[in-house]
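The next block holds one structure in the form of structure tokens; read it before the comments.
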Amino acid sequence: MHIGNRIRTVVKEKGMSVKGFSEQLGCSRANAYKIFEHYSIDSMLLLRISRILGHDFFAEYQEEL
């Protein structure tokens, strides 16, 4: 799973703008776009993103096991 692509998809599904997402995450829009490019991600960052988006990305990883 390409986690950056998946995060981008969920941001869109939730109807959130990249600006709104980056503000809640506490980073710049440019950094949010960089996150979307990541194939892997730090678990603590993914936890923060999961909380912001109300989406369990860890469950998606679990499904791959």
- Message: One residue is enough: does segment 29-52 have a residue meeting the conditions assigned to a helix (DSSP H, G or I) and in contact (Cβ under 8 Å) with a residue 40 or more places away in the chain?
- Response: yes
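Take segment 1-28 and flag every residue that is in contact (Cβ under 8 Å) with a residue 24 or more places away in the chain and in contact with a Ser or Thr (Cβ under 7 Å, 6 or more places away or on another chain). Spell out how you get there, then give the answer.
Initial filter on segment 1-28 (in contact (Cβ under 8 Å) with a residue 24 or more places away in the chain): 1-8, 10-11, 14, 16, 21, 24-25.
Result: Ile3, single match.
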- Message: Given the criteria closer than 20 Å to Leu65 by Cβ, out of contact with any His (no Cβ under 8 Å at 6 or more places or on another chain) and surrounded by 13 or more Cβ atoms within 10 Å (Cβ to Cβ), does Ile7 qualify?
- Response: yes
- Within segment 1-60, residues at pLDDT below 95 and charged (D, E, K, R) come out as Glu60
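Tell me, which residue of segment 11-65 that is among the aromatic types (Phe, Trp, Tyr) and surrounded by 11 or more Cβ atoms within 10 Å (Cβ to Cβ) is farthest from the chain's Cα centre (by Cα)? It would help to see each step written out before you state the result.
At the first step, the residues of segment 11-65 found to be among the aromatic types (Phe, Trp, Tyr) are 21, 33, 36, 39, 57-58, 61.
Now narrow it down to the ones that are surrounded by 11 or more Cβ atoms within 10 Å (Cβ to Cβ): 21, 33, 36, 57-58, 61.
Numbers: Phe21: 9, Tyr33: 10, Phe36: 7, Phe57: 8, Phe58: 11, Tyr61: 13 Å.
Checked segment 11-65; the qualifying residue farthest from the chain's Cα centre (by Cα) is Tyr61.
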- Task: Would you check which residues across segment 52-64 are out of contact with any Leu (no Cβ under 8 Å at 6 or more places or on another chain) and within 14 Å of Met16 (Cα to Cα) and list them?
- Result: Leu53, Gly54, His55
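The values are calculated or read from the model by the stated rules, or taken from the named source; none is laboratory data. None of these values were measured; they are calculated from a predicted model. With ideal geometry, Cβ positions are generated from the backbone for all residues, glycine too; neighbour counts draw on all protein chains shown.
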